[in-house]
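Trainee: Okay, handing you the structure first.
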Amino acid sequence: MGQALRIVKYLARDPKIGITFDGNKELKPAIFADASHAIHHDGQGQAGIVLSLGSGPINCRSFKLKMVTKTSSESELVALAKHAHTQYGGENS
């Protein structure tokens with residue numbers, strides 16, 4: 001809760017802070033992933049996904065992977081496979 005309050009205080013100092021989109025940039029979707037391998041006690045990793053449209057992010061998520069992977073690269077591929085499917089019209093899981 002302390003971190004959330006810190007963010008709110010930061011944003012309250014300058015109400016003009018926000019996500020902006022460049023009107024001259026093509027609205028092309030992109031998805032990015034980053035992951036840490038085997039950081040939880042059960043051997044599972046943690047991953048994060050950012051979905052952007054044009055010049056700004058439109059969705060961000062951090063989540064624990066539901067399987068044990070062998071490398072961080074494999075963890076990133078698992079995250080991309082799961083969330084690219086759900087972000088681009090697949091089923092939510």
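The values are calculated or read from the model by the stated rules, or taken from the named source; none is laboratory data. Everything quoted here is computed from the prediction, not taken from an experiment. We place every Cβ from the backbone using ideal geometry, glycine too, and count neighbours over all the protein chains shown. Ligands, DNA and RNA are stripped out before the accessible areas are found, and what is left, the full protein with its side chains, is counted by its heavy atoms. Shrake-Rupley method; radii C 1.70, N 1.55, O 1.52, S 1.80 Å.
Trainee: Between rounded, prolate and oblate, where does the stretch 15-56 land on the alpha carbon gyration tensor, with a ≥ b ≥ c its root eigenvalues, rounded for a/c under 1.5, else prolate if a/b exceeds b/c? Write out the running numbers ahead of the final one.
Mentor: Numbers: a/c = 6.94, a/b = 2.34, b/c = 2.97.
Oblate, because a/c is 1.5 or more while a/b does not exceed b/c.
Trainee: Same structure, new question: Going through the stretch 1-84, which chymotrypsin sites (Phe, Trp or Tyr not before Pro) have at most 16 other Cβ atoms within 10 Å and a DSSP loop state?
Mentor: Answer in residue order: PHE21.
Trainee: Pull up all non-local amide H partners of GLY54: gap of 5 or more, or a different chain, and H-to-H distance under 5 Å with H placed in the peptide plane.
Mentor: LYS28, ALA30
Trainee: Which pairs in the list LYS9/LYS82; LYS25/LYS82; LYS9/LYS70 are over 32 Å apart, alpha-carbon to alpha-carbon?
Mentor: Those over the limit are LYS9/LYS82; LYS9/LYS70.
Trainee: What's the carbon and sulfur percent of the stretch 1-76's accessible surface, probe 1.4 angstrom, rounded to a whole number?
Mentor: 57
Trainee: Taking 8 Å as the Cα distance limit and 6 or more residues as the minimum spacing, I'd like the relative contact order of the stretch 1-67 as a percentage.
Mentor: Normalised by residue count, the contact order of the stretch 1-67 is 26 percent.
Trainee: May I ask you to give the solvent-accessible area per residue for the chain, in square angstrom, as obtained with a 1.4 angstrom probe?
Mentor: Value returned for the chain: 75 Å² of accessible area per residue.
Trainee: Right, next: What number results when the radius of gyration of the chain, computed over Cα atoms, is divided by 2.2 N^0.38 Å?
Mentor: That ratio works out to 1.32.
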